[in-house]
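For reference, the structure is listed below as structure tokens.
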Amino acid sequence: MNCLHVPKIMMPKEGTDLYKWSVIACDQYTSQPEYWQETEKTVGNVPSTLRLILPEVYLEGEDEKQRVDKIHDTMKQYMKDGTLQEMPEAFVLVERSYGKEFSRFGLVVEIDLETYEYKKGSHSLIRPTEMTVEERIPPRLRVRQTAALELPHIMLLIDDPGHTVIEPLMAKKDNFKKIYDTDLMQKGGHITGWFIPKGEETEQIIKLIEKLADPDAFKEKYNLKKEYPLLNLAVGDGNHSMATAKAAWENIKQGLSQEEMVDHPARFCLCEVVNVQDESLEIEPIHRVMFDVNKAELLREAKTYYEARDCEFVVEDGVFVEPYADEKVHCFAFFDKNGAGTIKVSQPAWGIAVATLQNFLDEFLSRHKECRIDYIHGRDVVEALGSQSGNMGFLLPEINKEDLFKGVIVDGVLPRKTFSMGEANEKRYYMESKSLVKKS
């Protein structure tokens, strides 16, 4: 089954201030309301994707329903008054720069949610790289289920070491019509997009992406000794947004005939496809911050937890060691109100360091409902938050990006929030959108 579909993308009308239109993914800066307050000041009263999303810092807040109702009303307004205009079917080629050595290249496409599954043990062509926490879907579903529009911040990965798909398109980008070219607010860098209309070019793109999951090539690329389910695309960023889109579609299709299901817009989800081998792509570990936690209690329970699994657990308070991981030791740094420290788990029972830490934190949180956890991209933010009274911040080791696909193929999904593709300000900014409502 083909995973990709060519969407009818909606873009803001000519003359729209794209700097104020485009804001960062709603799942960023979830512990920093000041970021979103500053974004609000920057946007002011002009049309913006800020009016079409619910930043997750406000998710499950007292005014959530009012915010969601306002979002849904604004979506309808932008579609009715021409703020958003639908374009012919096309992919969008994207170049994103942040002032670093390399720009990131991507391709905005629409994927068929019938080829994607987020549940553990899935054999679908599109799968998450990390575990999906199903409890996180319902609050997001309240925003998605009756929304008239979809805005993408999901990034899908292809593993294309031969650079056969996206990079050749960038080499001939001047052959395509440029549809946006703007700086992005809040240190987001710069973004440019080119329109690739449906036709021979899009057909060739689809074939090339399908070819990456050719059974023989797949087995050889990952040095697989036995048969594993084919993996064509892996969800890199926006895992829970993708799962929410799937859940919404499963609800919607219950009331549709087989004929109506074929081309219903909610069956398809906008995403940006990125090559995991892209030179700009820095696969970063996602760090952890625990809030309202008793440090002595956490470390005592950690010692019991790891020793029960035949691991050696050592804490070095006041000593900072750069996190690392090998077959013998998984080493983490931590911050609390007294400064920095180091945790070492020797003879770990897990293959990757994030699993070593996350499995314990999950068990600890299940017994300590007074505590909560957040997942942080920037090391400086981990130190700042972790150093506050009642908190602990944990730094994780670096991750080898070449192992991501093989890890998903052989071991199944990785622990949730295993990695991030770049710092928070490098995440996808909303620009394109599409209708989720079938025209009568």
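Compute the distance from the alpha-carbon center of region 383-401 to that of region 19-50, in whole Å. So the separation of the two Cα centres works out to 25 Å. The helix-based estimate of mean residue ellipticity at 222 nm for the chain, built from -39,500 (n - 2.57) per DSSP H run of four or more residues and divided by its residue count, is -8500 deg cm²/dmol to the nearest 500.
Residue-wise HN-Hα couplings along region 427-435, as the Karplus relation 6.51 cos²θ - 1.76 cosθ + 1.60 with θ = phi - 60° gives them from phi, are 5, 5, 9, 5, 9, 7, 8, 8, 6 Hz; Gly and Pro carry x. The listed peptides 286-292, 394-400, 126-132, 64-70, ordered by packing as a protection proxy, come out as 126-132, 286-292, 394-400, 64-70 (highest mean of other Cβ atoms within 10 Å first). Using the Cα centre of the chain as the reference point, and only Cβ charges (+1 on K/R, -1 on D/E), how large is the resulting charge dipole? Debye, rounded to the nearest 20. Approximately 840 debye in magnitude. Loop-located GluC sites (Glu not before Pro) across region 270-341 with a Cβ neighbour count of 11 or fewer within 10 Å are E327, with loop assigned by DSSP.
Between region 248-327 and region 77-91, the C-alpha centres lie 34 angstrom from each other. Considering only L208, A247, N275, and ranking their Cα positions along the charge dipole of region 206-310 that arises from unit charges at the beta-carbon of Lys, Arg, Asp and Glu, the one farthest toward the positive end is A247.
DSSP beta bridges in the chain, what fraction antiparallel, as a percent rounded to 5?
Details: 68 of 77 bridges.
So the antiparallel bridges in the chain amount to around 90 percent.
Amide H to amide H, with H built 1.01 Å from N, D160 comes under 5 Å of V276, Q277, counting only residues 5 or more places away or on other chains. Highest mobility in the GNM of the chain, judged by mean-square fluctuation with C-alpha springs under 10 Å and restricted to I209, I252, I158, is found for I252.
Highest GNM mean-square fluctuation among G199, G341, G255, for the chain modelled with Cα contacts below 10 Å: G255. With unit charges on the beta carbon (Lys/Arg positive, Asp/Glu negative), name the residue among L395, L230, P7 whose Cα is farthest towards the positive pole of the charge dipole of the chain. So the residue we want is P7. For the options A213, A308, A384, a Gaussian network treatment of the chain with springs between C-alpha atoms closer than 10 Å singles out A308 as fluctuating the most. For the residue pairs K8/K173; K119/K221; K65/K303; K80/K120, alpha carbon separations beyond 32 Å are given by K65/K303; K80/K120.
A cut-off of 5 Å between modelled amide H atoms, ignoring neighbours fewer than 5 places along the same chain, links I154 with E272.
From the residues A171, Y35, I409, which one has its Cα farthest along the dipole of the chain in the positive direction, the dipole being from +1 and -1 charges on Cβ of Lys/Arg and Asp/Glu about the Cα centre? Checked the options; the winner is Y35. The string of couplings for region 53-61 from the Karplus curve (6.51, -1.76, 1.60, θ = phi - 60°) is 10, 10, x, 5, 4, 9, 5, 6, x Hz, one whole number per residue in order, with x for Gly and Pro.
For region 334-339, the Karplus equation 6.51 cos²θ - 1.76 cosθ + 1.60, evaluated at θ = phi - 60°, returns couplings of 9, 10, 9, 5, 8, x Hz by residue, with Gly and Pro reported as x. When you filter the trypsin sites (Lys or Arg not before Pro) in region 216-269 for DSSP loop state and at most 14 other Cβ atoms inside 10 Å of their Cβ, you are left with K225, K226. Under a model in which nothing but the beta-carbon of Lys, Arg (+1) and Asp, Glu (-1) is charged, region 300-341 shows a dipole of about 160 debye around its Cα centre. Set the Cα radius of gyration of the chain against 2.2 N^0.38 Å, with N its number of residues, and you get 0.99. Distance from the alpha carbon centroid of region 417-440 to that of region 143-213 works out to 12 angstrom.
Just so you know, all these numbers are worked out from the coordinates, no wet-lab data involved. Bear in mind the structure is a predicted one, so any value in this text is a computation, not a measurement. No Cβ is skipped: glycine too gets one built from the backbone with ideal geometry, and neighbour counts run over all protein chains shown.
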